[in-house]
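Worksheet: one structure, shown below.
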Amino acid sequence: MSDESTNTQSNQPATEKAGIVGRRGFLELVVSLPVIGVFLYNFFKKKVADDVKKEAIMAELGVGESGPAYIPEAISRPPGERIRLGIIGNGGEGESLVRHAGFAHPDWVEDQRQAAAEDPRNQALQVYLEQDDLNVELTAVCDVFDVRAERGIAASQVATRPGGRSANPPAKRFRHYHDMLTSGEVDGVIIATPDHWHSQMTIDAAAEGIHVYCEKRMTRTEEEALAMYEAVKNSDIVFQLGHQNRQSEAHIKAREVIDANILGPITLVEGTTNRNTDWGAWVWDIHEEGSPQTIDWELFEGPAANKVPFSLERFFRWRCWYDYGTGLSGDLLSHEYDAVNQILQLGIPKSAVASGGIYYFKDGRDVPDVFQAVYEYPDRELTFVYSATLANGSYRGLKFMGHDATMQVSGTLSVTADQNSSRYEEKIQNGVIDPSRPMFTYRPGFRGIDAITSATAEYFVSRGLLYTYRGGRRMSAYHLLIGEWLDVIRNGGETSCNIERGLEEAITCHMATRSYVENRKVEWDPTRRRIV
Amino acid sequence: MIQGAAADPGRWTRFQSIALVTLRILIGWHFLYEGLAKLVNPYWTSADYLAGSQWWFSGLFISIATSPTLLTLVDYINVWGLTLIGLCLILGLMTRTATVAGIVLLALYYIAAPPFAGLSYAMPAEGSYLVVNKVLIELVALVALLAFPTGRILGVDRVIFLMRRTGALAQA
């Protein structure tokens, strides 16, 4: 027992040496017991006080700190029939979506293997390998740039696959997406082209009965959005718009907080984007093999508003021009709005005012790099403000401001009582609720950490856009959203970002774009279904 | 260990003995509460601390943080290690083993995130530290207790020691 018995002790009292432990020994045994007693008394006093406080708060709020009570299953049952997929637009986003469907490019696999060896926090490869097997085949690739089409074909037959699935035969390349849609070789397509093509491609796919997963933002213009909506509504296809926040556990939890009316009357919602990198401002790499010989420029331009001579900048950095997209409005306001729409179910606003300018990236772009939009929802008695800059990286987050509390939503979620709340007044006064600290926090997947590889990645992680959690397991939100789309194709039901949500996203963002471009306040006319 | 008169508790003054025993009990109290506070908090994990690790051993600590199995194990060892070490230090039970274990734990905390010039941490400290922080001071205080063992001045170790010496254990 005692590990000090080898030490010599010379000056013990004679009685003890004689073998009488007796009273003194007993006293020495028990003398530290009062210390334990005092400790336990204080420990339980504090614990009981903390528990009472916590229970009082939780009872008041009616939600728990654990995961969302109900998380919709992205995949309702094991994937039965195999679905044949086509990818239209295999650029950065397209390649990512294909990977999340189970087809990583071999170079990506190798890069991630090395990255994980260098820093174990890089878990991208592990997350890829642990993806659910969606039972899909990538049978068709369409891209106007030869290099990207070839990369799609390479990904389609990759040997490293989730769940140890064997490699598939190579996908067939189609020069024109329409040939793919009519080939009989695809059941569904992922559209990840620039925004100006989304509407026409979806309309054509719907006409052929091909299911569509379309990247956000849904369309480049209001007219395209309405036409696309009609085409999807009048068809039997399953449509999913690529807002991966729909699968974020923190966002689902945030909706629970709203449903429990913890914030009181919400009068202001603030969504923000701050980025401070060239990449974040869409100054993307120009591929060394990009040329008029390797890029079908005419097909790229397609329905673009203005036809211009071949331009590498425009091809590889298309988000910088209104001819192909809508800049901050389409790329990032759309995310913030869809998150707010998911949590509050706001729908299309009554009016919008937007402003901004090209203040930092004077590189020939015509979309603003600083952009603010203010939306009014008089029926809901609230304003939604979006504020963004591409030349400052200070994180501002997404805030829901109620009379009784403020909710901040990112990868995590926190709710802080308002100093002057009516509902929590008594509890603030008697010290149960401290308005200087969150009274409620929720951190999905708290037993794991994310590799933060860049400021942009950090932005996405903080928004819950790259990874989310299911039962503490890190999952890609993209993967879950694609999985949900395939599940609805097989088993019926409704996708979480269907054409109704898509139209709301498109019209809301177009209102800000119109307001900015036309320099006036715009309104949505719900009867005539147009922006006025 | 230190030999001679200085290390002989029998020659310490009452003041010296009380000071050393008090130090042992207070460090024990701190360990015990750190352990129990983590034990009763279902959201506690060492992941953030480990993931923020810097300096030579950061690779090791970060790889623990990223491995769910290792992390669970390390969290478990940490919580129960702190609790048991704390309890033993207060009671004066297996004092030497508990002291050495405490030194090892504190050394791990220290080398995971040493406050050296040039290293900065996301988690803010409550004070200002350069090279020396409270972890290091607590560690060295335990080293001092190893040099001046108090388990047999006041503690269960003393009773066990006396019982052994008197043959009480053998008789039982």
Query raised in the report: Residues with amide H under 5 Å of residue A:398's amide H, sequence separation 5 or more or different chain, H placed in the peptide plane at 1.01 Å from N; which?
Result: A:409
Report task. Give the percent of DSSP beta bridges with both residues in the protein assembly as shown that are antiparallel, rounded to the nearest 5. Result -> 60
Report task. Normalising by the residue count of region A:83-245, find the relative contact order in percent from Cα pairs under 8 Å and 6+ residues apart. Result -> 24
Requested in this report: Could you tell me how many degrees, from 0 to 90 and to the nearest 10, lie between the Cα long axis of helix B:134-147 and the main elongation axis, the longest principal axis, of the Cα atoms of chain B?
Outcome: 20
Query - DSSP loop chymotrypsin sites (Phe, Trp or Tyr not before Pro) with at most 15 other Cβ within 10 Å: longest gap in chain A - result: A:71-309
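Per residue of B:150-160, count partner chain C-beta atoms within 10 Å of its C-beta, then hand back the mean as an integer. Don't skip to the end; give the middle numbers.
Working: counts 1, 4, 7, 1, 5, 6, 6, 8, 11, 10, 8.
Rounded to a whole number, the mean comes out at 6.
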Report task. Would you mind listing how long chain A runs along its three principal axes, going by Cα atoms, in whole Å with the largest first? Result -> 106, 56, 47
Query raised in the report: Tell me, what HN-Hα J-couplings in whole Hz come from the Karplus equation 6.51 cos²θ - 1.76 cosθ + 1.60 at θ = phi - 60° for each residue of region A:422-428, using x for Gly and Pro?
Result: 6, 5, 9, 3, 5, 5, 5
Report task. Could you tell me the distance between the Cα centroids of region A:317-394 and region B:11-35, to the nearest Å? Result -> 62
Report summary line: Averaged over the residues of A:32-39, the number of partner chain Cβ atoms within 10 Å of each residue's own Cβ comes to 5
Query raised in the report: Taking amide hydrogens as modeled 1.01 Å from N in the peptide plane, which residues meet the under 5 Å criterion relative to residue B:153, leaving out close sequence neighbours?
Result: none
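Can you give the average number of partner chain beta-carbon atoms within 10 Å of each beta-carbon in peptide B:82-89, as a whole number? Don't skip to the answer; put the middle values down first.
Details: counts 0, 0, 0, 0, 1, 3, 0, 1.
Counting other chains' Cβ atoms within 10 Å and averaging over B:82-89 gives 1.
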Report task. Determine the dipole magnitude for the protein assembly as shown: charges of +1 sit on the beta-carbon of Lys and Arg, -1 on that of Asp and Glu, nothing else is charged, the reference point is the Cα centre, and the result goes in debye to the nearest 20. Result -> 3440
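Using Cα pairs under 8 angstrom and six or more residues apart, how large is the relative contact order of chain A, in percent? Write out the running numbers ahead of the final one.
Details: 990 pairs, mean separation 93.4, N = 532.
RCO, chain A: 18 percent.
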Report task. Can you spot the lysines whose alpha carbon is less than 18 Å from residue A:253's alpha carbon? Ignore those fewer than 8 places along the same chain. Result -> A:399
Query - Cα centroid of region A:124-178 to Cα centroid of region A:189-221, whole Å - result: 19
Query - Within-11-Å neighbourhood charge of residue A:287 [Cβ basis; K, R +1; D, E -1] - result: -2
Report summary line: Computed over region A:83-245, the distribution of all Cα-Cα distances in 10 Å bins, rounded to whole %, is 11, 39, 33, 14, 3, 0
Query raised in the report: When the Karplus curve 6.51 cos²θ - 1.76 cosθ + 1.60 is applied with θ = phi - 60°, which whole-Hz ³J(HN,Hα) does each residue of region A:408-415 get, with x for Gly and Pro?
Result: 10, 10, 8, x, 10, 9, 9, 10
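State the dimensionless ratio Rg/Rh of region B:24-172 (Rg: radius of gyration of Cα atoms; Rh: Kirkwood radius).
Numbers: Rg = 17.8 Å, Rh = 16.8 Å.
Taking Rg over the Kirkwood Rh, I get 1.06.
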Report summary line: The answer for the net charge of residues other than residue A:152 whose Cβ lies under 9 angstrom from its Cβ, with Lys and Arg +1 and Asp and Glu -1, is 0
Report summary line: For region A:376-382, in residue order, the Karplus 3J(HN,Hα) values (coefficients 6.51, -1.76, 1.60; θ = phi - 60°; whole Hz; Gly and Pro = x) are 10, 10, x, 5, 9, 6, 8
Requested in this report: For region A:337-415, compute Rh as the Kirkwood radius over C-alpha pairs and then the Stokes-Einstein diffusion coefficient at 4 °C and 1.567 mPa s; write the answer in µm²/s, rounded to an integer.
Outcome: 90
Report task. Name the lysines eligible as straight-distance cross-link partners of residue A:233: C-alpha to C-alpha under 22 Å, and not fewer than 8 places from it in the same chain. Result -> A:216
**Report entry** Under-5 Å amide H pairs with residue A:157, H placed in peptide plane, nonlocal only
**Finding:** A:171
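Laboratory data are not the source of any read-out in this text; all were calculated from the coordinates shown. Just so it is clear, the model here is predicted, and its values are computed rather than measured. No Cβ is skipped: glycine too gets one built from the backbone with ideal geometry, and neighbour counts run over all protein chains shown.
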